[in-house]
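Everything below concerns the one structure shown next.
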Amino acid sequence: MAANFYFQKIYSTLLKPFALTLATGLGLSANPVQALTFSYSYSPDINPQALAGFTAAGNLWSSVFSDEVTVNINIGFKALESGVLGEANSTSSLVSYTNVRNALLNDRRSTDDFTAVSNLPTGSAFNMLINRTTNSPMGAGSATPYLDKDKDANNTNIWITNANAKALGLRTGNDTATDASIAFSTLFNWDFDPSNGISAGSYDFVGAAAHEIGHALGFTSGVDILDTNSNVYRDDYFTYVTPMDLFRFSTASLKKGKGTIDWTANKTDKYFSINGGTTKIASFSTGVVYGDRQQASHWKDNLSLGILDPTAATGELLKISESDRRLLDVIGWNRGATPTSSSSTSNSTSSSTSTTALRNTISVASVPEPSTLVGLIALGGGFLVTRKNFLGRKV
């Protein structure tokens, strides 16, 4: 399916030149039938255990989704700055809402797909609650949410990762361009084999890699951009509503009309819903600056909602949950395989006191026009060290 891509930016990391490539899919086949495949590029001196860990992480997602696409990821293992476990960057493009909705319509397979698409706004635009913009009717930069339904740029475009676009047929499935880059720190203790549990004092490498791959697949929210760049731009500059954001609601947004998404930067509960906000499935985090101190591109912390939770503890086995699968399903990935048993449905409880925040970091430079803004955003994932007690509550 053809699509109109208005802007595109490849977000790279500081990895060394890549000389080798490894393809992995369901059953470790380079050419699987009806399976999501990952092609990894890496330097010849990569840690073999890390390479095996990336392969295992990709296989977790390949065991869940059957899309015949290849996701190309540059991978590395190196010393990062103090307190950072890893970093990732994705390639994303701006596509019209009309094209994305039509692609979702054509991609329906599951019951959730049919429900989700039937509850998306028809036409070429969607309504949203938004705040902290310079043109807010409540006053420039006001924290009070307002209904944005003027059908301008931020109501008519979707910011989508290229991997997600491949799943929807908006980009060639076997395109060889880099879809994401991921690097992990050599300064922390990693457990590369989750089959026998995660060692005390170590982090689950396979789970952490699967978390970052999940962001590349499309588990990301543009609310993080508003949260870190408020009081600076008009609402039409924020053309970063993602496919996941089309299913981001609140009680306040539902009162503005079924299907009105909540794209505000505040502490109000935001949740995943596939029927226009009527039924809550799981809560999202709400933002580092004005929200709950966790990036909006994650599930709500401390609830063990899935592998896209914002934090992970040492000794904790990270697992793909049903909520993870349902969300990625409705944004374009097709379920069709039995999940890999080593990491499938829920997060285990850890008694460790050392945790890390799994972050999908975003930084935006000051620019004069929205068309320039998109080219200066670095979207990726990183881990910042934090502390919790074993019950998962911050101290």
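Coordinate-derived values only; no laboratory data. All figures in this text were calculated on a predicted structure; none of them were measured in a lab. Backbone-built Cβ (ideal geometry, glycine too); neighbour counts: all protein chains shown.
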- Mean Cα-pair separation over length for region 228-345, i.e. relative contact order, pairs under 8 Å, 6 or more apart, %: 15
- Query: So what's the gap between the Cα centers of region 45-62 and region 177-220, to the nearest angstrom?
  - Reply: 9
- Item | Relative contact order, percent, region 206-267 [alpha-carbon distance under 8 Å, six or more residues apart] | 32
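Tell me the net charge near Gly139. Cut-off is 14 Å between Cβ atoms, Gly139 excluded, with +1 for each Lys or Arg and -1 for each Asp or Glu. Show your work: numbers first, answer last.
Working: positive: Arg132, Arg234; negative: Asp235.
With Lys, Arg at +1 and Asp, Glu at -1, the neighbours total +1.
Which order results if Ile46, Ile225, Ile281 are arranged by neighbouring Cβ count within 10 Å, fewest first? The partial results should precede the final answer.
On the way: Ile46 20, Ile225 25, Ile281 16.
Least crowded to most crowded, the residues run Ile281, Ile46, Ile225.
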- Message: With the crude spin-label approximation of a point 7 Å out along Cα→Cβ, what separation in nm comes out for Asn302 versus Ala52?
- Response: 3.8
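Quick one: length gained pulling Lys280 to Arg109 fully straight, 0.36 nm per residue minus the C-alpha distance? Display every interim value, and only then the final one.
Values: separation 171, 0.36 × 171 = 61.56 nm, distance 2.16 nm.
Gain in length upon complete extension: 59.4 nm.
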- Query: Over 22 Å between Cα atoms, which of Lys149/Lys255; Lys149/Lys258; Lys151/Lys300 qualify?
  - Reply: Lys151/Lys300
